[in-house]
There are 2 protein chains.
Amino acid sequence: MNKKQLIAKLSGSLNLSKADAERTFDTITNTILEALKGDDSVKIAGFGTYKVAKRKARVGRNPRTGEQIQIAASQKVKFLPAKALKEVFNR
Amino acid sequence: MNKKQLIAKLSGSLNLSKADAERTFDTITNTILEALKGDDSVKIAGFGTYKVAKRKARVGRNPRTGEQIQIAASQKVKFLPAKALKEVFNR
DNA sequence: TTACTATATGCAAAAACTGCATACCCCATT
DNA sequence: AATGGGGTATGCAGTTTTTGCATATAGTAA
């Protein structure tokens, strides 16, 4: 399912125009992003937690040439599924 | 930030009551979950992709006792941040 | 059409996972 | 509003899993 299809579904179940559904959706993702930018994690009960994970610098490799490359430290957004979410998929 | 705080923020920016903001939010997460249950991944451009990752059974270990343990196969929801999302945190 | 995303490659090192106790913070119920 | 219970974070070690490097292409999405 892609974003367009998701918006279409939401438009139906939320009884909103597609444009409004999309605005609503974007507002939510942006709010989550803003919180994460402020170095805060976002916990959503029954769904999961978004947090910014810091990754250390390390040695990588160019798969084409085999050449070693230094990879800088970085950050990425991690999503940890809530317990309830795991259970849905493990029964 | 927890769900309650997120809902409060959304209530403001979406100009909805907190109850409506929560219903809207829950509808979205449920829609995503339903899609994932159907073994589908959910791609949201500019944000990320949710997908169900299947993990094979394997041998683990109790870190306290060192004892070997059989770990059953399982599934978990994985979130892969979109390119744009990574860039936000790596500049 | 333009932009993004998945894939595929080899490989080193980071990170996740396991059980379990403790501490803590939410959340729902009283 | 207060309280109890439950989910979640943490730390531990060792093995498994994931990550992410360059880059072109194919497929998909905006």
Open item on the list: At 1.4 Å probe size, with the rest of the protein present, what percent of the exposed accessible area of chain B is carbon and sulfur atoms?
Closed with: 48
Open item on the list: Show me the GluC sites (Glu not before Pro) within chain B that DSSP assigns to loop and that have at most 11 other Cβ atoms within 10 Å of their Cβ.
Closed with: B:67
Task: Förster-model FRET efficiency, 35 Å R0, residue B:27 and residue A:56, C-beta, rounded to 0.05 - done: 0.35
Task: Computed helical MRE - 222 nm, chain A, DSSP H runs ≥ 4 contributing -39500 (n - 2.57), nearest 500 - done: -13500 deg cm²/dmol
Task: Extension gain (nm, one decimal) between residue B:15 and residue B:76, 0.36 nm per residue minus Cα-Cα - done: 18.5 nm
TODO: Using label points projected 7 Å from each Cα along Cα→Cβ, tell me how many nm separate residue A:91 and residue A:2, to one decimal.
DONE: 3.3
TODO: Just name one of A:36, A:62, A:72: the one whose Cα is farthest towards the positive end of the charge dipole of chain A (beta-carbon charges, Lys/Arg +1, Asp/Glu -1).
DONE: A:62
Task: Normalised contact order of region B:1-71, rounded percent, pairs of Cα under 8 Å and 6 or more residues apart - done: 14
Open item on the list: Using a Gaussian network model on chain B with a 10 Å cutoff between Cα atoms, which of B:23, B:64, B:55 fluctuates the most?
Closed with: B:64
- [ ] Could you state the accessible area per residue of region B:1-40 in Å², with a 1.4 Å probe and every protein chain left in place?
- [x] 55
- [ ] Report, in whole Å, the centroid distance computed from the Cα atoms of region A:1-51 and region B:1-18.
- [x] 12
TODO: Kindly identify region B:41-91 as rounded, prolate or oblate by the Cα gyration tensor criterion: order the square roots of the eigenvalues as a ≥ b ≥ c, call it rounded if a/c is under 1.5, otherwise compare a/b with b/c, prolate if a/b is larger, else oblate.
DONE: oblate
Open item on the list: How much of the pair distance distribution for the protein assembly as shown lies past 21 Å, counting alpha-carbon pairs only, in percent?
Closed with: 59
TODO: Go through region A:4-30 and flag every residue whose accessible area shrinks by 30 Å² or more with all protein chains in place compared to the isolated chain (probe 1.4 Å).
DONE: A:6, A:10, A:14, A:24, A:25, A:27, A:28, A:29
- [ ] May I ask you to work out the translational diffusion coefficient for chain B at 20 °C, viscosity 1.002 mPa s, via Stokes-Einstein with Rh from the Kirkwood sum over Cα pairs, reported in whole µm²/s?
- [x] 131
TODO: Taking only Cα atoms and a 10 Å spring cutoff, compute GNM fluctuations for chain B and point out the largest among B:44, B:28, B:71.
DONE: B:71
Task: Averaged over B:63-73, number of beta-carbon atoms from partner chains that fall within 10 Å - done: 0
Task: ³J(HN,Hα), Karplus 6.51/-1.76/1.60, whole Hz, each residue of region B:71-80, x for Gly, Pro - done: 9, 6, 4, 8, 10, 9, 8, 10, 10, 10
Task: Radius 13 Å from Cβ of residue B:18, net charge of other residues (Lys, Arg +1; Asp, Glu -1) - done: +1
TODO: Quote the total accessible area buried by chains B and A together, excluding ligands, DNA and RNA, probe 1.4 Å, nearest 100 Å².
DONE: 3600
Task: Across B:9/B:78; A:4/B:83; A:18/B:56, pairs whose alpha-carbon gap is larger than 28 Å - done: A:18/B:56
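The values are calculated or read from the model by the stated rules, or taken from the named source; none is laboratory data. Because the structure is predicted, anything quoted here is derived from the model rather than measured. When we count neighbours, we look across all protein chains shown, and the Cβ atoms used for this are built from the backbone with ideal geometry, even at glycine. Side chains are part of the model used for accessible areas, which takes the heavy atoms of the whole protein and leaves out ligands, DNA and RNA. Shrake-Rupley method; radii C 1.70, N 1.55, O 1.52, S 1.80 Å.
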